[in-house]
Amino acid sequence: MNNFFVKKTIHFFLLVLSVYLLSFFLVRLIPGDPVDILAGIGNSSVDVALIKQQLGLEQSFFGQLKTAIKNLVLFDFGLSIHQGLSVNDIIKPALLNTYTLAVTAVIISILIGIPLGLFVSLTNKNEIINIVKKICNIIIAIPSFILAPILILVFSMQLNWLPVSGMDGHLSIVLPSLTLALGLLCYLANMTLDCANDLKENAIITTARSKGLSIEKIYFIHILRLISLPLVTAIGMQLGGLLSGAIITEMIFSWDGVGKILIDSIHQRDYPITQAAIFFIAITFVAINFILEFIYRKLDPRIR
Amino acid sequence: MIQMMKISLFFPAIFLILVVLNFSFNWDPYLMNFELILETPQWNAPFGYDDFGRDIFIRLINGFVSSFQIVILATLITFTFGTFLGCLAGFYGGYLDRFLLSVITIIQAFPGILLVIAVAAFLETSFLSILFALTVSSWIGFARIARSQTLSLKEADFVKAAVSMGSGKLRIIKKHIFPNILNAIFVELNFTIANLIIAEAGLSFLGLGVSAPFPSWGSMLRDSVDYLLVAPHYAVIVSFCIISMILSFNAIGAGLLNNENK
């Protein structure tokens, strides 16, 4: 266990470093001189020097590399070009908003998806199971930028239950988090259904039945525990889609998260913010998978 | 499953026919009728008119052409590059394999279309830069499949026989390994196309893809969302087209996978 922990942690930090360097040096892809584009036409040499200093472009390649790593250690991502604020101050509240959205989405999909799968499997009717699986497969394939308009059309315009966009009131989180949750929800329901169906003929179930447990109890205690392992892996894998879906979802619902800040900064050519936003979204994904790996080991008695 | 696959081929086929019709009749996607702005579907225009009074049906066909040029080109490049690299890494092993694995791990750290957005963010929007952004993030699917398949094929008797007869490594990859992994690659091909459609539409939806007057499905969807209240038919039609195209390629991939596992 210890050896595994050390190895995984080193791996994790190496990955963080490479993701950071990649997102940092993407700025070099900018064709021509990025500073000229930033400063605009008729720029003064003072502006150019200032922007160059902000981006750290006046140094040599290795000098930039050194500053970049130093900034990562100090957790300092520089200043925003347009707003003049430190990038940390802008990103922090946005990250919190995004996490609220993502966590709500994950909770919704776990609380609905897994019971849905178990209940459908309990019906024992092949037609129902097939229909549910087909519908789930279709919803999984729908990207968030299509799901969101459909949900707005139904819940905000036809039924007039929920606000179209914005962040005021508790109800405004419902539509964006539902947009994010639906894919994961259907994925989890589908997977729960498949696993539960596979386990039906298992000796564990026969034993539990012969002890006199009701079928509902077997499903929600024994089977749920057995399928928690693949479900944790699935959640980890699907979180990537959820996080990248959050970028577009935040844009549509004008939710002030990292995704919205990322896209806004791209349109304003505010590179320090773009770099930091890309880095933080990727790091969230990496960190969650790093944590899930340990949860997985805790859950699986064969590894423990 | 096979039936699903045949039905799925139907939708892309219809669009291909429409594209041919479009080029033979020279339908104009930029023709604006200002008295017909956001009109609902009617006999002249089966899908209605958009916010500039342009025929949605014709713009959808033209959007299909521009989106699919990028998607098909990106698929071809990633297919060639990813498969080749995956085969090499799987067959040679050692440092090359480790290097490829770490590159894949780093690219996978960027969830979904984040890397596409990241690369597109720092490039000026043009056909080539979108192609580059899509290619960078999607070749790893092919590389992973090719690598794992090559690893298992390496132990097969016919490959060992070829090695003992003294064929060169590249020749073995070309003559013995590549034809045998092609099935698995074709399955991956369809899923990649579906993902690239999503990524390309997502990019143009965010305003980072094909630029303004030029039709593309993603930017049409973004425009339609602005008019959701007054002209819901616009958003519904565009979403329907994107969803059906994604589902079609997913179903073709699933059908091939099913066929292969049988």
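Hey, among A:248, A:278, A:266, A:252, which residue is in contact (Cβ under 8 Å) with a residue 60 or more places away in the chain, closer than 30 Å to residue A:156 by Cα, at the interface with chain B (Cβ under 9 Å from one of its Cβ atoms) and touching a Ser or Thr at 6+ places or on another chain (Cβ under 6 Å)? Quick ask: steps written out before the conclusion?
Numbers: A:278 fails: closer than 30 Å to residue A:156 by Cα; A:266 fails: in contact (Cβ under 8 Å) with a residue 60 or more places away in the chain; A:252 fails: touching a Ser or Thr at 6+ places or on another chain (Cβ under 6 Å).
After ruling out the rest, the residue left standing is A:248.
Restrict the check to segment B:114-137 and report whether at least one residue is among the acidic types (Asp, Glu), over 17 Å from residue A:26 (Cβ atoms) and either open to solvent by less than 60 Å² (accessible area, probe 1.4 Å) or within 14 Å of chain A (Cβ to nearest Cβ) (or both). Before you say what the answer is, go through the steps one by one.
Narrowing segment B:114-137 to residues among the acidic types (Asp, Glu): B:124.
Now restrict to residues that are over 17 Å from residue A:26 (Cβ atoms): none.
No, segment B:114-137 contains no residue that is among the acidic types (Asp, Glu), over 17 Å from residue A:26 (Cβ atoms) and either open to solvent by less than 60 Å² (accessible area, probe 1.4 Å) or within 14 Å of chain A (Cβ to nearest Cβ) (or both).
Suppose the filter is in a helix (DSSP H, G or I), open to solvent by 10 Å² or more (accessible area, probe 1.4 Å) and under 20 Å from residue A:117 (Cα atoms); does residue A:275 pass it? Even if it seems obvious, please write down each step before you answer.
On the way: in a helix (DSSP H, G or I): yes; open to solvent by 10 Å² or more (accessible area, probe 1.4 Å): yes; under 20 Å from residue A:117 (Cα atoms): no.
When the stated conditions are applied, residue A:275 does not pass them.
Any residue at all in segment B:194-211 that's closer than 23 Å to residue B:87 by Cα and either within 13 Å of chain A (Cβ to nearest Cβ) or surrounded by fewer than 21 Cβ atoms within 10 Å (Cβ to Cβ) (or both)?
Taking segment B:194-211 first, the residues closer than 23 Å to residue B:87 by Cα are B:195-196.
Filter once more, keeping what is either within 13 Å of chain A (Cβ to nearest Cβ) or surrounded by fewer than 21 Cβ atoms within 10 Å (Cβ to Cβ) (or both): B:195-196.
Yes, that holds for at least one residue.
Quick one: would you say residue B:193 is under 18 Å from residue A:151 (Cβ atoms) and in contact (Cβ under 8 Å) with a residue 60 or more places away in the chain? Please lay out each step first, then the result.
Working: under 18 Å from residue A:151 (Cβ atoms): no; in contact (Cβ under 8 Å) with a residue 60 or more places away in the chain: yes.
No; evaluated as a whole, the condition is false for this residue.
Residues in segment A:129-150 that are more than 11 Å from every other protein chain (Cβ to nearest Cβ) and surrounded by 13 or more Cβ atoms within 10 Å (Cβ to Cβ): how many? Write out each step before concluding.
In the first step, residues of segment A:129-150 are kept if they are more than 11 Å from every other protein chain (Cβ to nearest Cβ); the result is A:129-133, A:135-136.
Among the residues that remain, those that are also surrounded by 13 or more Cβ atoms within 10 Å (Cβ to Cβ) are: A:129, A:132-133, A:135-136.
Total meeting the criteria: 5.
Among the residues of segment A:69-124, write down those that are of a type in the set (Gly, Ala, Ser), over 20 Å from the mean Cα position of the chain (by Cα) and more than 20 Å from residue A:262 (Cα to Cα). Outline the logic, then answer.
Keep residues of segment A:69-124 that are of a type in the set (Gly, Ala, Ser), which gives A:78, A:80, A:84, A:86, A:94, A:102, A:105, A:109, A:113, A:117, A:121.
Cutting the leftovers down to over 20 Å from the mean Cα position of the chain (by Cα) gives us A:78, A:80, A:84, A:86, A:117, A:121.
Correct list: A:117, A:121.
Output the number of residues of segment A:30-50 satisfying the condition of being modelled with pLDDT of 65 or more and at the interface with chain B (Cβ under 10 Å from one of its Cβ atoms).
1
For residue B:92, work out the one condition from (1) open to solvent by 40 Å² or more (accessible area, probe 1.4 Å); (2) within 19 Å of residue A:241 (Cα to Cα) it doesn't fulfil.
Going through (1) open to solvent by 40 Å² or more (accessible area, probe 1.4 Å); (2) within 19 Å of residue A:241 (Cα to Cα) one by one, residue B:92 breaks only (2).
Name the pairs whose Cβ atoms lie under 6 Å apart, with the first residue in segment A:220-239 and open to solvent by less than 30 Å² (accessible area, probe 1.4 Å), the second not in a helix (DSSP H, G or I), and 6 or more positions between them or separate chains?
Every condition considered, the pairs that remain are A:229/A:300.
For segment A:1-16, which residues satisfy the criterion of being open to solvent by 60 Å² or more (accessible area, probe 1.4 Å) and at pLDDT 85 or above?
A:6, A:7, A:10, A:11, A:13, A:14
Of these, A:188, A:171, A:184, A:162, which one is surrounded by fewer than 11 Cβ atoms within 10 Å (Cβ to Cβ) and within 30 Å of residue A:253 (Cβ to Cβ)? Show your work before the answer.
Working: A:188 fails: surrounded by fewer than 11 Cβ atoms within 10 Å (Cβ to Cβ); A:184 fails: surrounded by fewer than 11 Cβ atoms within 10 Å (Cβ to Cβ); A:162 fails: surrounded by fewer than 11 Cβ atoms within 10 Å (Cβ to Cβ).
Unique residue meeting the criteria: A:171.
Are any residues in segment B:154-190 in contact (Cβ under 8 Å) with a residue 60 or more places away in the chain and of a type outside the set (D, E, K, R), and if so, which ones?
Residues of segment B:154-190 that are in contact (Cβ under 8 Å) with a residue 60 or more places away in the chain, as a first pass: B:154, B:169, B:172-173, B:177-178, B:181, B:183-190.
Residues satisfying the conditions are B:172, B:173, B:177, B:178, B:181, B:183, B:184, B:185, B:186, B:187, B:189, B:190.
Taking segment B:237-262 only, how many residues are of a type in the set (A, V, I, L, M) and either in contact with a Gly (Cβ under 8 Å, 6 or more places away or on another chain) or facing chain A (nearest Cβ under 8 Å) (or both)?
Our first condition is that a residue be of a type in the set (A, V, I, L, M); within segment B:237-262, this holds for B:237-238, B:242-243, B:245-247, B:251-252, B:254, B:256-257.
From what's left, either in contact with a Gly (Cβ under 8 Å, 6 or more places away or on another chain) or facing chain A (nearest Cβ under 8 Å) (or both): B:237, B:242-243, B:246-247.
Qualifying residue count for the region: 5.
Residues being in contact with a helix residue (DSSP H, G or I) (Cβ under 7 Å, 6 or more places away or on another chain) and over 17 Å from residue B:197 (Cα atoms): count how many of those fall in segment B:120-136.
Result for segment B:120-136: 3.
When the residues of segment B:212-227 are filtered to those that are open to solvent by less than 10 Å² (accessible area, probe 1.4 Å) and in a loop (DSSP other than H, G, I, E, B), which remaining residue is modelled with the lowest pLDDT?
Ranking the candidates gives B:215 first.
May I ask you to list the residues in segment A:75-91 that are surrounded by 15 or more Cβ atoms within 10 Å (Cβ to Cβ), touching a strand residue (DSSP E or B) at 6+ places or on another chain (Cβ under 9 Å) and over 14 Å from residue A:50 (Cα atoms)?
A:77, A:86, A:87
Which members of segment A:191-203 meet the condition of being open to solvent by 40 Å² or more (accessible area, probe 1.4 Å) and more than 20 Å from the chain's Cα centre (by Cα)?
First, the residues of segment A:191-203 that are open to solvent by 40 Å² or more (accessible area, probe 1.4 Å): A:191, A:194, A:197-198, A:200-203.
Correct list: A:194, A:197, A:198, A:200, A:201, A:202, A:203.
Only one of B:172, B:61, B:70, B:107 is at pLDDT below 90, open to solvent by less than 40 Å² (accessible area, probe 1.4 Å) and more than 26 Å from the chain's Cα centre (by Cα). Can you tell me which? So that I can check it myself, show each step before the final result.
Values: B:61 fails: more than 26 Å from the chain's Cα centre (by Cα); B:70 fails: more than 26 Å from the chain's Cα centre (by Cα); B:107 fails: more than 26 Å from the chain's Cα centre (by Cα).
The unique qualifying residue is B:172.
Quick check: is even one residue across segment B:220-230 more than 10 Å from chain A (Cβ to nearest Cβ) and of a type in the set (Val, Ile, Thr)?
Checked segment B:220-230: at least one residue is more than 10 Å from chain A (Cβ to nearest Cβ) and of a type in the set (Val, Ile, Thr).
The values are calculated or read from the model by the stated rules, or taken from the named source; none is laboratory data. A quick note: this is a predicted structure, and the numbers were derived from the prediction, not measured. Reconstructed Cβ throughout: ideal geometry from the backbone, glycine too, with neighbour counts over all protein chains shown. We work out accessible area using only protein heavy atoms, side chains counted, and drop any ligands, DNA or RNA first. Shrake-Rupley method; radii C 1.70, N 1.55, O 1.52, S 1.80 Å.
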